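Working notes for the structure below.
The values are calculated or read from the model by the stated rules, or taken from the named source; none is laboratory data. Computed from a predicted structure; not experimentally measured. Please note: Cβ atoms are built from the backbone with ideal geometry, for glycine as well, and neighbour counts cover all protein chains shown.
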């Protein structure tokens, strides 16, 4: 009886414990369901809780699901005993038959599995396969050791419940991931389809597709190889690479007729690294490195192979599932449709479509009335319509053999520079025959280019199409299309369209040239009118010449233009070189100050010609560097410095004399100036000659108006004007100035006794000694008769007095040819004694000189003495010694 009670009591206690465990577990599950933990975190938390709740020594879980990986071991004994089992996880998983119910929600001893070399501890380990009966797949295993629970125990059932709950968590997470993954793939296909819808540009479609696949599979590199059926070769023309070292753009692989890879691709079968032929090809991309993903996806439509997409990854965890491969194959199928549409569009351009494109381009081109504008629009519109890497319009001037860049449009700056380097010169394989009009090179490397082969290889030109621009029966230009990253088959429709466009461009250029010719003629007339008006209205020769050079340089599109004025031709003496015009788009050194040897020889030779022929003695050198390639120094260095290629010189002739020259430099190219251009420049030079002549005449008249006819000193009028300006400057700056007045003593005696020539000699001697004693900046004038004056800027009165005494001393030691020495009565006035006033200074100067004469002559009187003398009353002073004696007697 007592035993029964004891058993009943134990049973009740066990039931209570079991009930408590279940309650705790349910509460924990409810708590976790309300949390924001993901599947991996839920499983880890639940395992730890169950281990603690049920007193299990060790629990280990290994699982992979929904992009999650769990590798968790909780053990009170440490993890060492699981070292062997951890390495055999894959063997354990392979031993589980997911079709057998035995493995569903069951704990299985490790000893029952067919695993060799297990330790005793490992044999006591129980294994719980995490198997989904719905998906029929194993996600992982749970390992438990030292289970003290019997199968009949409620704790055992609770443990199975926990493990089954973990299985459900994994199953739901994996199902959700698969749904999300499918939705993501469907969304990818939908977005890609929308991006490609209506697209007719093959290159753009390939770029979009490669980018989407690259991101979808998380690849290292992806390539598109175009299949060129006619040549039986694959050519990589698009790529996205993780490392620039992996670039293979332009790589060609020629295959035999029965190549197994092409056969499989043609059958719309993709291939992976398991294929031995694919392994061989992988060495081209990876060398000996093993890839995690390497597959070839066919781009095919209606059994016509268009190319293949090559997907590569070496990332350790990268993989492409069957579902992923199917998605990529769907994308490749969409690309095949776009490429086929693009090919059909290019090959079947109807007359109506060509006319539409032609009309659109023609309208844009012919709306422009400038040649440069026509070329720019042509290059841009044709380049965009044809979808090429670069398109350029190149023009050849009459009489020249090389084609110069008119305008280039390109998708990259690099392509623009490369297209500009193509040698477009007569007798090169890049210029079309004028009769055939166009030239097409789908594979430039397959054409014999002679000496240009290396250059074309260097710039990477793959395909080339060009069409001549004719002017009458001569080639005036060429329209060029270039492909650099991959080859391109030019269809007959494209060639015909380009030829039709060039016909319209020729008419547009002719129209623009006529318009520019009329504009240029109008500008030339305006320039001649401006020069003539400037000659009439302005006597500032430097400004007139500089403006003439600038306008002429702009109208004639020259690099430099300037005018020299000469004072002598034999020997050559340059009077002045006016400010030169330099073209804005030229990085040039100034050259106007450099007289070239051939320019000097030309100018000196003109002087030997009859007067009537001098104005037409023009020097025109089309190729300066060729003519003077053997030039010696300094001409050789000068030509290299100023980069002169063509020269035009026109003499400035007035009254039969060469008075200057008009010089025009062309530095960007060799230029043959047309006769119309030379004639126009000659008319400008003739007008400039008149301007120089007028300016010289004006300068002569002005000189005569300002100078004393006998001495060449300034006259009284100029002196007073200069004094006015200096006084005003002194007022502004607070500077000093002084004046000196010199009255030559007894001039009448020289005139009466020795004649007027002797008087003139005395005046000239005074003028010379004043110039000798004064500075270059001082202004010396003859006021009239025997009176002279000097204006001394920046000079105080005391300093001026010293200078006046030096002048007097010099005059006293100067002997006239008649034997008498000179003497003078000198007056000095200036600041700071006088106020800064023209009238005050003149009055003080005059009175000081009067005092010197009154007090006996041959002396210097400063205006400071006037303060002692008071007001000066002027009386007539004797003009010679006899009058002076009579005046002294009268005063007595």
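A few points about this structure:
- Criterion: farther than 18 Å from residue 363 by Cα and either touching a residue at least 60 places away in the same chain (Cβ under 8 Å) or not assigned by TED's automatic domain parsing to the domain that holds residue 404 (or both) - qualifying residue of 496, 504: 496
- Of the strands (runs of 3 or more DSSP E) lying entirely inside the stretch 33-137, the ones with 3 or more residues being modelled with pLDDT under 75 are found at 68-75.
- Among the residues of the stretch 683-691, some residue qualifies, meaning at least one is touching a residue at least 12 places away in the same chain (Cβ under 8 Å), surrounded by fewer than 17 Cβ atoms within 10 Å (Cβ to Cβ), within 30 Å of residue 626 (Cα to Cα) and assigned by TED's automatic domain parsing to the domain that holds residue 554.
- Number of the exception - residue 260 against (1) closer than 30 Å to residue 491 by Cα; (2) over 38 Å from the mean Cα position of the chain (by Cα): (1)
- Residue count for the stretch 812-846, restricted to those that are touching a helix residue (DSSP H, G or I) at 6+ places or on another chain (Cβ under 6 Å) and either assigned to a helix (DSSP H, G or I) or not assigned by TED's automatic domain parsing to the domain that holds residue 795 (or both): 2
- Test: residue in the stretch 645-661 that is part of a loop (DSSP other than H, G, I, E, B), in contact with a helix residue (DSSP H, G or I) (Cβ under 9 Å, 6 or more places away or on another chain) and at pLDDT 90 or above: yes
- Listed by first and then second residue, the pairs with beta-carbon distance under 7 Å, at least 6 apart or on different chains, first residue in the stretch 669-680 and in the same structural domain as residue 401 (by TED's automatic domain parsing), second in a helix (DSSP H, G or I), form an empty list.
- Test for residue 629: is it surrounded by 14 or more Cβ atoms within 10 Å (Cβ to Cβ) and more than 17 Å from residue 682 (Cβ to Cβ): no
This table checks each residue for (1) outside the structural domain of residue 282 (by TED's automatic domain parsing); (2) modelled with pLDDT of 75 or more; (3) surrounded by fewer than 17 Cβ atoms within 10 Å (Cβ to Cβ).
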| site | (1), (2), (3) |
| --- | --- |
| 166 | yes, yes, no |
| 183 | yes, no, yes |
| 202 | no, yes, no |
| 205 | no, yes, no |
| 211 | no, yes, yes |
| 215 | no, yes, yes |
| 220 | no, yes, no |
| 223 | no, yes, no |
| 228 | no, yes, no |
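- Residue match in the stretch 681-689 (condition: closer than 20 Å to residue 546 by Cβ, modelled with pLDDT under 85 and touching a strand residue (DSSP E or B) at 6+ places or on another chain (Cβ under 7 Å)): yes
- Residue that is surrounded by the fewest Cβ atoms within 10 Å (Cβ to Cβ), among those in the stretch 817-870 that are in contact with a strand residue (DSSP E or B) (Cβ under 6 Å, 6 or more places away or on another chain) and more than 21 Å from residue 736 (Cα to Cα): 821
- Selection from the stretch 310-319 of residues that are in contact with a strand residue (DSSP E or B) (Cβ under 9 Å, 6 or more places away or on another chain) and farther than 14 Å from residue 273 by Cα: 315
- Breaking point among (1) under 29 Å from the mean Cα position of the chain (by Cα); (2) in a loop (DSSP other than H, G, I, E, B); (3) at pLDDT below 90; (4) surrounded by 21 or more Cβ atoms within 10 Å (Cβ to Cβ), for residue 477: (2)
- Filtering the stretch 445-474 to residues that are assigned to a helix (DSSP H, G or I) and surrounded by 21 or more Cβ atoms within 10 Å (Cβ to Cβ) leaves only 456.
- Scanning the stretch 255-275 for residues that are out of contact with any helix residue (DSSP H, G or I) (no Cβ under 7 Å at 6 or more places or on another chain) and either in contact (Cβ under 8 Å) with a residue 40 or more places away in the chain or within 20 Å of residue 322 (Cα to Cα) (or both) returns 262, 264, 265, 267, 268, 269, 274, 275.
- Residue in the stretch 490-506 that is over 24 Å from residue 440 (Cα atoms) and surrounded by 19 or more Cβ atoms within 10 Å (Cβ to Cβ) present: no
- Within the stretch 230-247, restricting attention to residues that are over 32 Å from the mean Cα position of the chain (by Cα) and part of a strand (DSSP E or B), the residue that is surrounded by the most Cβ atoms within 10 Å (Cβ to Cβ) is 234.
- Residue count for the stretch 694-728 satisfying the condition of being within 22 Å of residue 840 (Cβ to Cβ) and without any contact (Cβ under 8 Å) to a residue 40 or more places away in the chain: 4.
- Matching residues, the stretch 758-799, being under 15 Å from residue 822 (Cβ atoms) and within 60 Å of the chain's Cα centre (by Cα): none
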